[in-house]
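Below is one structure; the comments refer to it alone.
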Amino acid sequence: MEEYTSALVYDSTKGCVVTIGTFDGVHLGHQAIIERLVNLAKQEGLDAVLLTFFPHPRMVLQKDVDLKLINTLSEKRERLESLGVDHMIVEPFTKEFSRLTALEYVRDILVNQLNAKHIIIGYDHRFGRNRTANIDNLKEYGDTYGFQVEEISAQELDDVAISSTKIRNALDNGDIQTANDYLGYHFSLTGTITEGKGIGKTLGYPTANLEVDQPYKLIPKKGVYLVRSSYQSNPLYGLTSIGTNPTVGGTNTTIETFFMDFEGDLYNESMTIEFITNIREEKNFDSVEDLIKAIEEDEAYARNFLNDYE
């Protein structure tokens with residue numbers, strides 16, 4: 001899959017089928033749309049193009065909203081490529097871009113730059129300055145500029161009953177299993193293993209401290225989770241603690257993973273941890289001994305869970 005930093009650098013004489021949106025999470029609802037995109041492109045001998053935006057429009061137009069995203073751009077790229085999209089265009093979303101009229105947007109970007117022959121879009125899609133244009137306007141432009149519009153109906157979207165907002169809410173509540181069910185894959189965090197305070201080692205549970213690559217990436221609710229990763233092509237399972245480590249006087253939020261049945265140095269390694277299920281919320285224990293006992297119980301729960309899971 002090819003990636004472009006703007007529609008202005010995309011050039012196609014062949015023409016394309018395009019769908020448009022933020023697609024945060026590339027969840028099951030998105031996947032159904034993308035499947036239609038890819039299939040139609042193959043039928044028509046055209047390129048399958050997904051036009052998305054970064055930053056997320058709400059980050060630009062609603063500065064008071066601290067929006068975190070389910071996917072980084074890199075994660076979104078991997079998902080879309082696995083689904084068969086030919087080209088991902090990441091249009092920089094700015095206030096200037098938001099002021100394009102509907103005509104300018106359709107004529108200059110969708111027609112002149114993308115050479116769109118088919119557009120697949122939801123019934124409630126709105127575009128142009130102040131989002132004043134709708135799918136009926138898009139169909140009128142299609143008559144003028146020679147492209148067809150395929151509408152995803154309200155019933156089809158409602159039947160899926162999945163939204164990026166619902167997934168964000170699930171993650172904010174630590175409900176990993178619901179988030180994973182909606183996504184159709186495991187939510188993950190990617191970053192670099194850095195040196196922490198070494199407290200886990202003194203407790204008999206050495207941890208790998210993950211520094212997440214992108215500040216806009218959503219971090220699940222504080223708590224303890226069962227996760228999966230890999231190192232040198234070998235699968236690793238572990239307990240990830242997201243929190244401040246209040247029992248030992250911590251104040252900053254960290255993401256620390258105790259990998260079961262593993263010994264080694266992971267410092268400076270780039271790793272991805274996939275979240276399987278939540279185990280418990282973060283707690284402030286009365287003593288270090290109580291904390292160690294809780295970790296032992298967490299590990300026992302995780303191993304029992306994996307026996308059924310695998």
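Could you please give the count of residues in segment 101-133 that are under 23 Å from VAL60 (Cβ atoms), buried (at least 16 other Cβ atoms within 10 Å of the Cβ) and touching a Lys or Arg at 6+ places or on another chain (Cβ under 8 Å)?
2
Can you tell me which of (1) hydrophobic (A, V, I, L, M, F, W, C); (2) more than 22 Å from the chain's Cα centre (by Cα); (3) surrounded by fewer than 21 Cβ atoms within 10 Å (Cβ to Cβ) is the one PHE258 doesn't meet?
(3)
Looking at segment 44-56, I want the residues that are among the acidic types (Asp, Glu) and have a partner that is crowded, with 20+ Cβ neighbours inside 10 Å and part of a helix (DSSP H, G or I) with Cβ atoms under 7 Å, at least 6 apart or on another chain. Which pairs are those?
Pairs found: ASP47/ALA41.
So for segment 186-198 (the condition being in a helix (DSSP H, G or I) and of a type in the set (Val, Ile, Thr)), does at least one residue qualify? Outline the logic, then answer.
Quick first cut of segment 186-198, residues in a helix (DSSP H, G or I) only: none.
Checked against the condition, which is being in a helix (DSSP H, G or I) and of a type in the set (Val, Ile, Thr), segment 186-198 yields no hits at all.
Just to be sure before I move on: is LEU171 touching a Lys or Arg at 6+ places or on another chain (Cβ under 8 Å), in the same structural domain as LEU50 (by TED's automatic domain parsing) and farther than 18 Å from VAL17 by Cα in the structure I sent?
Details: touching a Lys or Arg at 6+ places or on another chain (Cβ under 8 Å): yes; in the same structural domain as LEU50 (by TED's automatic domain parsing): no; farther than 18 Å from VAL17 by Cα: yes.
In short, no.
Residues checked against (1) under 30 Å from THR165 (Cβ atoms); (2) in the same structural domain as SER270 (by TED's automatic domain parsing); (3) in contact with a Gly (Cβ under 6 Å, 6 or more places away or on another chain):
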site: THR194; (1), (2), (3): no, yes, no
site: LYS201; (1), (2), (3): no, yes, no
site: GLU211; (1), (2), (3): yes, yes, yes
site: GLN214; (1), (2), (3): yes, yes, no
site: LEU218; (1), (2), (3): yes, yes, no
site: GLY223; (1), (2), (3): yes, yes, yes
site: SER230; (1), (2), (3): no, yes, no
site: LEU239; (1), (2), (3): yes, yes, no
site: GLY243; (1), (2), (3): yes, yes, no
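Given (1) modelled with pLDDT under 95; (2) out of contact with any strand residue (DSSP E or B) (no Cβ under 7 Å at 6 or more places or on another chain), where does ALA208 come up short, assuming only one miss?
(2)
Do you know which residues across segment 39-83 are more than 20 Å from the chain's Cα centre (by Cα) and surrounded by 18 or more Cβ atoms within 10 Å (Cβ to Cβ)?
Within segment 39-83, LEU40, ALA41, LEU46, ASP47, ALA48 meet the criteria.
Could you list, in sequence order, the residues of segment 95-121 that are free of Cβ contacts under 8 Å to residues at least 60 places away in the same chain and closer than 28 Å to SER163 by Cα?
Narrowing segment 95-121 to residues free of Cβ contacts under 8 Å to residues at least 60 places away in the same chain: 95-108, 111-112.
Listed by number, the residues that qualify are LYS95, GLU96, PHE97, SER98, ARG99, LEU100, THR101, ALA102, TYR105, VAL106.
The values are calculated or read from the model by the stated rules, or taken from the named source; none is laboratory data. Please read all numbers here as calculations on a predicted model, not as lab measurements. Positions of Cβ are generated from backbone atoms using ideal geometry, with glycine treated the same way; all protein chains shown enter the neighbour counts.
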